[in-house]
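Structure first, then comments.
The values are calculated or read from the model by the stated rules, or taken from the named source; none is laboratory data. Remember, predicted model here, so these are calculated numbers, not experimental data. Neighbour counts run over all protein chains shown; Cβ positions are idealised from the backbone, glycine included. With ligands, DNA and RNA removed, areas are computed over all heavy atoms of the protein, side chains included. Shrake-Rupley method; radii C 1.70, N 1.55, O 1.52, S 1.80 Å.
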Amino acid sequence: QTQVDTDLARRFPPRFLWGAATASYQIEGAVHEDGRGSSIWDDFSATPGKVFEGHTGEVAADHYHRVEEDTDLMVRLGLSAYRFSIAWPRIVPEGRGAINPAGLDFYDRLVDTLLEKGIQPFATLYHWDLPSPLERAGGWLNRETAYAFADYTEIVARRLGDRVASWITLNEPWCSAYLGYGIGVHAPGRTDRQGAIDAAHHLLLGHGLAVPRLRAQVPAGTPVGITLIVNPVYGADERAETARDVKLAHAFSNAWFLDPIYRGSYPEGFFEAMALNPPPIQEGDLEIISAPLDFLGVNNYSRTLIRGAQEQPLADSCQAVAPIPNACYTDMGWEIYPHGLRDLLVNVARDYPVGNIYVTENGAAFPDTWDGGETINDPRRVSYLRSYLTACAEALEQGVPLRGYFVWSLMDNFEWAEGYAKRFGIVYVDYSTQRRIIKESGYWYAELLNAFNNNNR
Ligand code: PNW
């Protein structure tokens, strides 16, 4: 085992960045402190029936009060980078207008602490916690939200721009648009498929408007990118119906966002195939959306396998998924398919002018239990990470400009609609005491990073 992982470490180039990722609402808690405003996730999780057993982010992993302890953990793990997100309602509690200095102070201190400990801060500006007042005005269905996001971005960048290593505008706009506005399993819980198309456009517009506002505030050369969920799609057979549905599922899962960002147009025939209308695109929007970026952040957990239907093409990649013989699944019910990460990295780097790529999230939920001992045995997470990192090494060997990898997640946290029932951490959180316990996978990751550092010092 150790031998194999020394060999794995050798397959990554000298300047490769090793990190872990989190998001504000999932770990911070302290939702009423220091002038933070309310977000759509506070509202959604307070709505009965929306989140598993009524869990909320009110306390979460209490990271807001544990920056020293949590950054010490990162040092123990040997991380060279940490990806976190900034809570918009802490910075601009009403979404627009008055700035809350205490919110900026929190992230200022986090960034300084990371730098003191030798860890590069990767900041995501929007990981789903939209200020509630903006949602009451229509949320991402309202074009004005895109302008509010760009204003908020400038406020953050003015304060932190001199120290954040790399910036990510949005995390997974597909989830915000489709899960939040299309099928309502995420905040704000709206169910209107046309709404998802419109929300996606305004998210993309917000991203495009934010990019020059960011660049104007940060030192020249500071990398700016976006993080997308990229879900590789495969056909279960050779039938024409399957090929047609694979194409549509790829457009729905990936090209819906990749095409406007990197080609300045939505995928051809996409809205018609979805039996929906194009969003309200104004002149110049696609030029704004396709502003050049320095890197693409890829989040990947699984794949989609399609078996085409005879009549209707699928209008939703969650349907018409083929049963998979001998497949293994995580606690989320997501198939473990490491080749999918290799394939998507190779394909995205071939099909789009992405420049550099980071895997900004990859990881697995398993039902970990703590018996009061020194660590938690999570062998399935170790083998998941090993297999997906092997896929990254293969992509690198095929010439993919992959510059770093962030495991999801640094620690167990509020897994959105699943509440605290799903654990993604390489560090266990005992929510009754907020004690952190490094899992076996955390020790494994630390050893891998140590082997990497020994090879490259
Ligand atoms: C991502 N899907 O969400 C998010 O960026 C994280 O905040 C989250 O905790 C993590 O992955 C694990 O869920 C996703 O339906 C949500 O394919 C849904 C999907 C993928 C990722």
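Annotations for the structure displayed:
- The single condition among (1) open to solvent by 10 Å² or more (accessible area, probe 1.4 Å); (2) over 19 Å from the mean Cα position of the chain (by Cα) that residue 120 does not satisfy is (2).
- Exclusive hit being among the aromatic types (Phe, Trp, Tyr), touching a Leu at 6+ places or on another chain (Cβ under 7 Å) and more than 24 Å from residue 122 (Cβ to Cβ), set 178, 234: 234
- Residue within the range 255-267 that is in contact with a strand residue (DSSP E or B) (Cβ under 6 Å, 6 or more places away or on another chain), within 15 Å of the ligand (Cβ to nearest atom) and either open to solvent by 30 Å² or more (accessible area, probe 1.4 Å) or at pLDDT 95 or above (or both) present: yes
- For the condition away from the ligand (no atom under 12 Å from the Cβ), more than 30 Å from residue 214 (Cβ to Cβ), open to solvent by 30 Å² or more (accessible area, probe 1.4 Å) and modelled with pLDDT of 85 or more, residue 350 does not qualify.
- Out of 296, 344, 314, sole residue that is buried (at least 19 other Cβ atoms within 10 Å of the Cβ) and over 30 Å from residue 439 (Cα atoms): 314
- With respect to the stated conditions, residue 147 is open to solvent by 20 Å² or more (accessible area, probe 1.4 Å), in a helix (DSSP H, G or I) and aromatic (Phe, Trp, Tyr).
- Residue check: residue 167 meets all listed conditions (1) free of Cβ contacts under 8 Å to residues at least 60 places away in the same chain; (2) within 18 Å of residue 41 (Cα to Cα) but one, namely (2).
- Residue in the range 134-152 that is at pLDDT 95 or above, among the β-branched types (Val, Ile, Thr) and within 16 Å of the ligand (Cβ to nearest atom) present: no
- When residues of the range 361-395 are limited to those that are within 24 Å of the chain's Cα centre (by Cα) and aliphatic (A, V, I, L, M), the one surrounded by the fewest Cβ atoms within 10 Å (Cβ to Cβ): 393
- Filter result for residue 435 (over 25 Å from residue 330 (Cα atoms), away from the ligand (no atom under 16 Å from the Cβ) and of a type in the set (Lys, Arg)): no
- Leading residue by the ranking (nearest to the ligand (Cβ to nearest atom)) among those in the range 170-189 that are part of a helix (DSSP H, G or I) and free of Cβ contacts under 8 Å to residues at least 24 places away in the same chain: 179
- Complete set of residues in the range 77-127 that are assigned to a loop (DSSP other than H, G, I, E, B) and in contact with a strand residue (DSSP E or B) (Cβ under 9 Å, 6 or more places away or on another chain): 78, 79, 80, 86, 87, 92, 93, 94, 95, 96, 119, 127
- Screening the candidates 77, 104 for the property of being of a type in the set (A, V, I, L, M), touching a residue at least 40 places away in the same chain (Cβ under 8 Å), crowded, with 18+ Cβ neighbours inside 10 Å and under 22 Å from residue 152 (Cα atoms) yields one hit, 104.
- Options 447, 415; residue that is closer than 17 Å to residue 20 by Cα, among the acidic types (Asp, Glu) and within 16 Å of the ligand (Cβ to nearest atom): 415
- When the range 274-290 is limited to residues that are aliphatic (A, V, I, L, M) and surrounded by 19 or more Cβ atoms within 10 Å (Cβ to Cβ), the one that is nearest to the ligand (Cβ to nearest atom) turns out to be 274.
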